[in-house]
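K.L.:
Here it is: the structure, laid out below.
Bear in mind these aren't lab numbers, they're just calculated from the coordinates by the rules spelled out. None of these values were measured; they are calculated from a predicted model. For neighbour counting, all protein chains shown are included, and Cβ atoms are generated from backbone atoms with ideal geometry for every residue, glycine included.
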Amino acid sequence: MSSSLLSLGISRAAHLLRSGEISSRDLTQACLEQIESLDGSLHAFLTLTTEEAFFRANRADFFLQQMRKGITPETTSPLLGIPLAIKDVLALSGVRCTCGSRMLETYIPPFTAHAVDKLLADGMVVLGKTNTDEFAMGSTTENSAFGPTRNPWDVARVPGGSSGGSAAAVAAGMAFGALGTDTGGSVRQPAAFCGITGLKPTYGRVSRWGLVAYGSSLDSVGCMARSAEDAALIYASIAGHDPRDSTSHEIPVPGFTPYAENSLKGLRIGLPQEYFLPGMQAEVENAIRSALAVFEKLGAEIVPVSLPHTEYALPAYYLLAPAEASANLARYDGTRYGINRPAAGYIEQFMSSRAAGFGPEVKRRIMLGTYALSAGYYDAYYARAQKARGLIRRDFDQAFQQVDVIAAPVAPTTAYLLGERNKDPLSMYLGDIFTLPANLAGIPAIAFPAGFDSNRLPVGIQLMGHAFAENTLLGMAHAYQQVTLWHRQMPGAANIPEETKEHGL
Ligand code: GLN
């Protein structure tokens, strides 16, 4: 029974919780047992919140019981009683928030991030905090100060990053869904590498309050789950205005409704030639082209489009994100948060605390960013990168006059072997080439499974939309998932019996 519970999606679990066939305690127990048996090798979690999880599960079961008696409890959200995981860059009051860094190894925030708070108010059972590249800087989780997470499809490989812990947890059935963050692809790329669905909302759609800042003009909180339908439930909970984040939008969040009969008739999908590069893995390109054929069968039309400034996304991002990071990370001065290396004066303490607290990639980004912002180089680097960002944004504006969404690969390859790229930062950065543009333009994008390569590693496809088009993206991914089974596959490592993958309980 307990392993078959793990293959349920959020919506099906919510249905069974309401009818009383299962309890939130059962679901929570099943996830914690799965964590117990797998996380020694996968290392998706940095901190477990077992006691809190059972407290919330019992409370959810009480609310569900009230509902069955006709009493309306505090929340009736479909997330009531559903076990979820949180990337360890989002604060949960009273639980340490490490950001994958020695700097914050013992830091316990006295507040809860807005997105996490919304999920708690909707009745989520919080399982724990997931592994991440240090301060979300990376693409594999190998930059975590606490050791990498492994990919449940092949433990010799990375799960992607920086939200690799969240992706591995969801893929391996250790959680029903998770929050990640996406500054340059960190929700979508690990979703693709682990064979799950990941939504990066429009910049400003989900409050960043309580998220430890990386690149403030790029950071977005995103949803990870095993289907678009489940991601939509998490999105509905966390999206919306929050006065504590000045970039948060006041535009109301419409409810998600699938396309009627899942027909995509009349929708136009743009295919940008700039996203199909020589040298990308042929199996990735083939999977994307097959997925497009499915979309055509569902009624959508494929239209070639051009995004001519795509090649500038990588250099622009790797100037702007480190520039913003160098400013954001100035607060770790050995006095206010985390590691403190007492020394003779403030400057000495600042230097020795940062030398001890930050890992090599974070130090590299601080140096790059400080350089790009320094007098004499600002115009040559930072200001030019901002101009390139403007051109990239304009490319998208123009393309969205012709099409509803843009389809592209999530990454040029499937998951890397551990150690394959982390000695060479440039080759690591190159893997982000297809995810960075959406962050620079501030637009929403979704990644979802579209096949496997010959090593049986998941391949993801990406759809990007104009600002606030999340429901179009979710609806299209959902329609695709009604006629394909890629998203229903679970890795062998998860040990979930074959027949239950297809039939629920
Ligand atoms: N891989 C990119 C980077 O290292 C993106 C990370 C992210 O989205 N947090 O900056």
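K.L.:
What's the extension gain from Ser93 to Leu417 if we count 0.36 nm per residue and subtract their Cα-Cα distance?
P.N.:
Answer, rounded to one decimal: 113.1 nm.
K.L.:
Just need the relative contact order of the chain here, percent rounded to a whole number, with Cα pairs under 8 Å and 6+ apart.
P.N.:
Once divided by the residue count of the chain, the mean separation gives 18 percent.
K.L.:
Determine the shape class of segment 115-169: with a ≥ b ≥ c the square roots of the Cα gyration tensor eigenvalues, call it rounded for a/c under 1.5, and otherwise prolate if a/b is greater than b/c, oblate otherwise.
P.N.:
It comes out prolate by the Cα gyration axes.
K.L.:
Apply the Karplus curve 6.51 cos²θ - 1.76 cosθ + 1.60, θ = phi - 60°, to the phi angles in segment 261-278 and return the couplings in whole Hz, x for Gly and Pro.
P.N.:
Per-residue couplings from phi come out as 6, 6, 8, 9, 3, x, 7, 10, 9, x, 10, x, 4, 5, 9, 10, 9, x Hz.
K.L.:
Here's something else I'd like to know. Put a dot 7 Å past each Cα toward the Cβ at Ile302 and Leu485; how far apart are the dots in nm?
P.N.:
About 2.4 nm, to one decimal.
K.L.:
Nothing charged except the Cβ atoms of Lys and Arg (+1) and of Asp and Glu (-1): what's the magnitude of the dipole of segment 111-208 about its Cα centre? Round to the nearest 20 debye. If you can, show how the numbers build up before the last one.
P.N.:
Values: 8 positive and 7 negative charges, 37 e Å.
So the dipole magnitude of segment 111-208 works out to roughly 180 debye.
K.L.:
So how do 97-107, 382-392 stack up, highest first, on mean other-Cβ count within 10 Å?
P.N.:
On the way: 97-107: 23.0, 382-392: 17.3.
Result, highest mean first: 97-107, 382-392.
K.L.:
How much length would be gained if the chain were fully extended between Lys363 and Phe111, taking 0.36 nm per residue of separation minus their Cα-Cα distance, in nm to one decimal? If you can, show how the numbers build up before the last one.
P.N.:
Numbers: separation 252, 0.36 × 252 = 90.72 nm, distance 2.76 nm.
Extending this stretch completely gives an extra 88.0 nm.
K.L.:
Would you list Glu470, Glu283 from fewest to most Cβ contacts within 10 Å?
P.N.:
Numbers: Glu470 27, Glu283 17.
The most exposed by this proxy come first: Glu283, Glu470.
K.L.:
Calculate the FRET efficiency for Asp379 and Arg289 from the Cβ-Cβ distance with a Förster distance of 45 Å, rounded to the nearest 0.05.
P.N.:
Details: r = 42 Å, r/R0 = 0.94.
The value I calculate is 0.60.
K.L.:
Tell me whether segment 348-505 comes out rounded, prolate or oblate; compute the Cα gyration tensor, take square roots of the eigenvalues as a ≥ b ≥ c, and use a/c under 1.5 as the rounded threshold. Display every interim value, and only then the final one.
P.N.:
Values: a/c = 2.70, a/b = 1.40, b/c = 1.93.
Oblate, since a/c reaches 1.5 and b/c is not below a/b.
K.L.:
So how do Arg208, Arg96 line up by other beta-carbon neighbours within 10 Å, fewest first?
P.N.:
The fewest-first ordering by Cβ neighbours comes to Arg96, Arg208.
K.L.:
Still on this structure: Hey, which aspartates and glutamates would be in cross-link range of Lys69, C-alpha to C-alpha under 14 Å, not counting anything within fewer than 8 residues on its own chain?
P.N.:
Asp61
K.L.:
Place +1 on the Cβ of every Lys and Arg and -1 on the Cβ of every Asp and Glu in the chain, take the dipole about the Cα centre, and give the residue among Tyr416, Trp209, Ser374 whose Cα lies farthest towards its positive end.
P.N.:
Ser374
K.L.:
Tell me, how many Å apart are the Cα centres for segment 250-278 and for segment 296-329?
P.N.:
17
K.L.:
Still on this structure, I have one more. Any of Lys129/Lys363; Lys118/Lys200; Lys363/Lys423 with alpha carbons more than 22 Å apart? Name them for me. Please report the intermediate quantities before stating the final value.
P.N.:
Numbers: Lys129/Lys363 24 Å; Lys118/Lys200 17 Å; Lys363/Lys423 15 Å.
Too far apart for the 22 Å limit: Lys129/Lys363.
K.L.:
Test of understanding: ordering Tyr378, Tyr235, Tyr259 by Cβ neighbours within 10 Å, fewest first, what list do you get? Please report the intermediate quantities before stating the final value.
P.N.:
On the way: Tyr378 14, Tyr235 26, Tyr259 19.
With the sparsest Cβ surroundings first, the list reads Tyr378, Tyr259, Tyr235.
K.L.:
Okay, next question. Taking square-rooted eigenvalues a ≥ b ≥ c of the alpha carbon gyration tensor, is segment 402-458 rounded, prolate or oblate, where a/c under 1.5 means rounded and, failing that, a/b exceeding b/c means prolate?
P.N.:
Working: a/c = 3.26, a/b = 1.37, b/c = 2.39.
Oblate.
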